[in-house]
1. Just to check your reading of the model, which residue among Ala121, Ala95 is surrounded by 12 or more Cβ atoms within 10 Å (Cβ to Cβ) and closer than 30 Å to Ser36 by Cα?
2. Say whether the condition of being outside the structural domain of Leu165 (by TED's automatic domain parsing) and out of contact with any Asp or Glu (no Cβ under 9 Å at 6 or more places or on another chain) is met by at least one residue in segment 31-47.
3. If you scan segment 45-66, which residues turn out to be modelled with pLDDT of 95 or more and under 23 Å from Val20 (Cα atoms)?
4. Conditions first: (1) assigned to a strand (DSSP E or B); (2) surrounded by fewer than 16 Cβ atoms within 10 Å (Cβ to Cβ). His28 passes all but one, so which condition is the exception?
5. Quick one: would you say Ala98 is within 18 Å of Asn126 (Cβ to Cβ) and out of contact with any Phe, Trp or Tyr (no Cβ under 8 Å at 6 or more places or on another chain)?
6. Take Leu165 and tell me if it is in contact (Cβ under 8 Å) with a residue 60 or more places away in the chain, farther than 30 Å from Glu24 by Cβ and among the aliphatic types (A, V, I, L, M).
7. What do you reckon, is Leu7 modelled with pLDDT of 95 or more, surrounded by 11 or more Cβ atoms within 10 Å (Cβ to Cβ) and within 18 Å of the chain's Cα centre (by Cα)?
8. Report the residue count in segment 8-25 for those that are part of a strand (DSSP E or B), more than 18 Å from Val111 (Cβ to Cβ) and touching a residue at least 24 places away in the same chain (Cβ under 8 Å).
Amino acid sequence: MPGWKVLSTEEIYKTPWMRVRKDEVLNHNGKPLTYSVVELKHPSVFILATNSNEQVFFQRVYRYTIDKTLWELPAGHSDGEEPLTAAKRELLEEAGLASDDWVHLGRLYQVAGIGDAPLEAFWAKNAKKVTNELDELEDIGEQKFMDTAEIEDIARRGDTDSPVLAVLYLAKIHGYN
């Protein structure tokens, strides 16, 4: 932390997946600040699953925190597993899909201004339906593969979240569409 000094750290809240801490710091100008920091215990994984037509798999997920249903990519916590192993598990649990052709798109940081919440992004090429048994704990509604025009439409309407757009951009860098 160039020029920043931590004066104190206090754990406010903790679960097996995350913790919240309160840090008292002096910034690079010596100004005292209080930071509330959210930390994920393990990185999230986000999966861009495409079919043989290069359409992207999306699902509608209700998000309690914003009281809204969004179109999202399959995603979840790595729970201490290798990120690729977690990505394969999440794709199967949430979508019933599997792929034999995986590309690691990279690591991104969600909410960097308030937390340490890394995500590992993967591209599952030629994903195919292998089961209809999905994780019942998830509040997942409609699921479908979308073409570029549909994806642009949901982005324009604000019916998705920023990690989806970031993962799509990483995929573009790696040769998707």
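1. Answer to the check: Ala121.
2. Yes, segment 31-47 contains a residue that is outside the structural domain of Leu165 (by TED's automatic domain parsing) and out of contact with any Asp or Glu (no Cβ under 9 Å at 6 or more places or on another chain).
3. Those that are modelled with pLDDT of 95 or more and under 23 Å from Val20 (Cα atoms): Val45, Phe46.
4. (1)
5. yes
6. For Leu165, the condition - in contact (Cβ under 8 Å) with a residue 60 or more places away in the chain, farther than 30 Å from Glu24 by Cβ and among the aliphatic types (A, V, I, L, M) - is not met.
7. So Leu7 fails the test.
8. Number of matching residues: 0.
The values are calculated or read from the model by the stated rules, or taken from the named source; none is laboratory data. As the structure is a prediction and not an experimental result, all values here were calculated from the model. With ideal geometry, Cβ positions are generated from the backbone for all residues, glycine too; neighbour counts draw on all protein chains shown.
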